[in-house]
Amino acid sequence: MLSRKASEDSHGQDSSYFLGWQEYEKNPYHPIHNPTGIIQMGLAENQLSFDIVESWLERNSDTLEMKKDGMSVFRELALCQDYHGLPAFKNELVEFMAKIRGNEIKFDPKNLVLTAGATSANEILMFCLANPGEAFILPTPYYPGFDRDLKWRTGVEIVPMHCSSLNGFKITSSALEQACQHAKNLNLKVKGVLVTNPSNPLGTTMTKTELNHLVTFAIDKNIHIISDEIYSGTVFDSPKFVSIMEVINERSLKNDEISKRVHIVYSLSKDLGVPGFRVGMIYSNNEKVVSTATKMSSFGLISSQTQYLLAKLLGDKKFTFDYMEVNKTRLKKQKEIIESGLKNAGIQCLKSNAGLFCWVDMKHLLSYATFEAEKELWKMILYRVGLNISPGSSCHCSEPGWFRICFANMSQETLKVAMRRIKVFIDSNSTMISIKQSFVNNANYYITRREITN
């Protein structure tokens with residue numbers, strides 16, 4: 001009686017990434033009312049600088065009350081708006097984007113398409129750039145929600161490009177070529193590569209070398225690049241963030257055909273910490289993409305009230321400067337707390353400089369070097385330790401034992417509770433872990449010895 005889309009189970013909600021959220025919602029931690037509940041560490045949300053935004057709103061109550069120079073603008077905001085968006089908001093948004101990138105590049109508001117969040121922006125680009133059954137290459141590990149955002153309604157396929165911990169999961173030319181060949185073996189036509197920069201879940205910025213590999217590959221294969229840069233304002237340590245557009249400009253490709261096949265996705269959800277406002281955007285130098293994406297955006301618009309509020313907020317240059325500086329300082333401090341807590345428990349993180357999470361190496365805690373063992377460890381941490389973290393397998397990591405742990409959606413006090421729980425868990429299981437590690441080391445030794453003697 002229902003459509004195939006409604007009947008089939010292809011949304012991706014059976015992933016451990018979403019299942020962990022469901023368990024958290026049944027038993028959420030609260031320091032007073034539920035101190036033994038599950039702490040949500042699977043949510044990449046920035047709550048560390050919310051007080052700065054709230055303080056601005058208190059000082060600018062006229063904006064909240066939809067007033068301009070003391071006069072109500074409710075009527076003009078409440079009436080139907082053109083889906084191109086409010087010009088004042090688009091102008092402020094491109095200025096904010098340029099500021100985050102050190103004003104190395106300028107953005108033209110006429111090339112901007114407003115969408116109801118980055119989820120909508122990525123899906124719209126899939127509709128614009130690929131047909132059902134065609135594919136995009138994504139470097140692993142990648143954000144688990146992409147399996148839903150990019151594939152579910154569009155029919156587009158994802159071809160994973162497996163990156164290795166040996167080089168810090170960096171993109172290489174050989175990995176790009178291998179992914180392309182894998183797509184050919186599956187009879188899939190590759191239409192582009194999508195990257196997140198800074199990376200979710202790695203928390204690292206892409207190097208210029210990686211970005212140049214990407215551009216060269218796209219030119220050679222005549223395909224698109226989508227750079228999801230929603231964490232560009234969360235870079236709290238060196239090296240600095242470099243946008244794909246900066247590389248295009250440096251290579252004097254601004255007027256080349258490739259510049260029309262490079263598209264940026266951005267959002268205020270992470271950098272400004274307002275995911276509930278559903279503010280996303282697509283930036284493209286391709287007029288046809290901008291035109292089509294603008295038409296598609298009518299299915300998920302940003303309210304005129306939200307645009308008006310944010311235009312005023314972003315237009316306050318002192319606020320945006322102060323916010324960005326304080327936010328970076330707080331992110332760095334929070335990251336240091338989680339790194340120190342994990343290190344105290346004998347757990348290491350990938351070296352990172354951005355984002356709202358750490359990419360954590362727990363391979364030594366696995367009973368065996370398998371994804372089944374990773375899932376068992378994830379369950380123990382979820383149900384026994386009371387922490388919802390995301391296993392690497394949900395991010396399509398090719399190496400078992402990695403986990404994404406978010407740190408910016410909670411207070412320092414809650415983060416310290418989480419670190420104490422991890423330490424108690426490790427200490428109480430130290431003997432068992434030592435025996436398991438010895439077993440694994442011995443197994444590896446005999447395998448290596450057999451290979452040598454043979």
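The values are calculated or read from the model by the stated rules, or taken from the named source; none is laboratory data. Quick caveat: nothing in here was measured; it's all calculated off a predicted structure. Heads up, the Cβs are rebuilt from the backbone with ideal geometry, glycines too, and the neighbour counts pull from every protein chain shown. We work out accessible area using only protein heavy atoms, side chains counted, and drop any ligands, DNA or RNA first. Shrake-Rupley method; radii C 1.70, N 1.55, O 1.52, S 1.80 Å.
Below, the figures for the structure above:
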item	result
Helices (runs of 4 or more DSSP H) fully within region 270-375 counting 3 or more residues that are under 18 Å from LEU86 (Cα atoms) and in contact with a helix residue (DSSP H, G or I) (Cβ under 7 Å, 6 or more places away or on another chain)	287-296, 304-315
Restricting region 269-299 to residues that are open to solvent by 50 Å² or more (accessible area, probe 1.4 Å) and of a type outside the set (S, T, N, Q), the residue that is farthest from ALA311 (Cα to Cα)	LYS288
Per-region count, region 28-72, residues surrounded by fewer than 17 Cβ atoms within 10 Å (Cβ to Cβ), of a type in the set (S, T, N, Q) and either in contact (Cβ under 8 Å) with a residue 60 or more places away in the chain or assigned to a helix (DSSP H, G or I) (or both)	5
Some residue of region 191-204 being surrounded by fewer than 24 Cβ atoms within 10 Å (Cβ to Cβ), in a helix (DSSP H, G or I) and in contact (Cβ under 8 Å) with a residue 24 or more places away in the chain	no
Test: residue in region 236-247 that is closer than 18 Å to ASP149 by Cβ, in a helix (DSSP H, G or I), open to solvent by 10 Å² or more (accessible area, probe 1.4 Å) and not acidic (Asp, Glu)	no
Residue check, ASN122 open to solvent by less than 40 Å² (accessible area, probe 1.4 Å), closer than 26 Å to LEU194 by Cα and part of a helix (DSSP H, G or I)	yes
Hey, VAL360 surrounded by fewer than 18 Cβ atoms within 10 Å (Cβ to Cβ), under 23 Å from the mean Cα position of the chain (by Cα) and in contact (Cβ under 8 Å) with a residue 40 or more places away in the chain or not	no
Residues being part of a helix (DSSP H, G or I) and either open to solvent by 40 Å² or more (accessible area, probe 1.4 Å) or touching a residue at least 60 places away in the same chain (Cβ under 8 Å) (or both) - total across region 125-148	6
Condition met for GLU95 (crowded, with 17+ Cβ neighbours inside 10 Å and over 21 Å from the mean Cα position of the chain (by Cα))	yes
